[in-house]
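Below is one structure, written out as structure tokens; comments come after it.
Throughout, read-outs are computed from the coordinates displayed, never taken from laboratory work. Remember, predicted model here, so these are calculated numbers, not experimental data. Every residue, glycine as well, gets a Cβ built from its backbone with ideal geometry; the counts of neighbours run over all protein chains shown.
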Amino acid sequence: MRIGAHVSTAGGMSKAVDRALDIGAEAAQFFCSSPQGWAFKPVPDAQTSAFRQRAQEAGIGPNFLHAIYLVNLSAPTPENLQKSKDSLVNYMGVASAMGGAGVIFHGGSHRGAGYDGIFRQVVDSLTEVMERSPAGVELLIENSAGMGSHIGSKFEEIGRILHTVGHPRLQVCLDTQHCFAAGYNVATKDGLEAAMEEFDREVGLTNLKAVHANDSKQALASGVDRHENIGEGHIGMEGILNIMSHPAFRNVPFYLEVPGFEGTGPDKRNVDILKELRGKAGG
């Protein structure tokens, strides 16, 4: 089990490796463009090559890009749907060039159309994205917290999409806070066991390729996406240890997306806590 973190690429993509090393992380996740805008500038070969070399030298990985927040394959307008697909394809290209494992994205919001109403659109869009993307990198759909009309808070929704598309490089990232907010009580042994049994039945544990390790500011089944530092939220230290001790996660990399104890994002203290828990879990 590798302990990673979401880090900044300010000053160049290879700086992500240095920032991961600074906080003791063993793997990295980052954006390669502004997460709040559609604009995408191709990343120069010099930057992707420098990242690849630096990551190999430092032993940092597996490394993922996180798609921009605007991506919504459930978008009601053709324009935004096309922008979403193009953005994912662009990110998959960068992930391949930098030697990354792939791209993690949010399923988006159906804006009242309902899951069944957007299902075929999402499936067709993902099929197109995978066809237009380079081989060797994976696209991971992340479970949602259940806010508003966001899709993917239920494992059945993710599994149905995954199995209908049927592409071997379409996989899953599980966010611990989103699970908890969506009503899966991963903080208790019984709750976690039930959740992972459902995940295996609906999605398949072999399709789990990354975990976003986050505590929760909000209570169980709140439906609210609000991350907290490890041990400071409603999942708690024992809950995170419970998760890290489960055999389903033994060889899956964990990536922190927490506010940080100083409010500057994932930090050494959070990384150290996860490493300590990993030791207790026997990982």
Checklist entry - What does the helix-only formula give at 222 nm for the chain: each DSSP H stretch with n ≥ 4 adding -39500 (n - 2.57), the total divided by the residues, and the result rounded to the nearest 500 deg cm²/dmol? => result -13000 deg cm²/dmol
Item to check | Loop chymotrypsin sites (Phe, Trp or Tyr not before Pro), region 245-283, which have at most 16 other Cβ atoms in a 10 Å radius of their Cβ (DSSP) | outcome: 261
Checklist entry - When a footprinting reagent is the concern and you count Cβ atoms within 10 Å, what order do 105, 155 take, fewest first? => result 155, 105
Next on the checklist: Under 5 Å between amide hydrogens, which residues at least 5 positions from residue 145 or on another chain qualify, with H placed 1.01 Å from N in the peptide plane?
Outcome noted: none
Checklist entry - In sequence order, what are the phi-derived ³J(HN,Hα) couplings for region 186-191 according to the Karplus relation 6.51 cos²θ - 1.76 cosθ + 1.60 with θ = phi - 60°, rounded to whole Hz, with x for glycine and proline? => result 6, 6, 10, 4, 5, x
Checklist entry - Going through region 50-101, which chymotrypsin sites (Phe, Trp or Tyr not before Pro) have at most 16 other Cβ atoms within 10 Å and a DSSP loop state? => result 69
Checklist entry - In which sequence would 144, 34, 133, 96 go, from the one with the fewest C-beta neighbours within 10 Å to the one with the most? => result 34, 96, 133, 144
Next on the checklist: Suppose each label sits 7 Å from its Cα in the direction of the beta carbon; what would the residue 121-residue 280 distance come out to in nanometres?
Outcome noted: 4.5
Checklist entry - Taking residue 154 as the anchor, which aspartates and glutamates have their alpha carbon closer than 15 Å to its alpha carbon, excluding any fewer than eight residues away along the same chain? => result 116, 142, 175, 197, 198, 200, 202, 225
Next on the checklist: Given all pairs of different Cα atoms, what value in angstroms does the Kirkwood hydrodynamic radius of region 3-281 take?
Outcome noted: 18.7
Checklist entry - Cβ under 15 Å from residue 136's Cβ, residue 136 left aside: what net charge do those residues give with Lys, Arg +1 and Asp, Glu -1? => result +2
Item to check | Likely footprinting exposure, 224, 89, 203, fewest C-beta neighbours within 10 Å first | outcome: 224, 89, 203
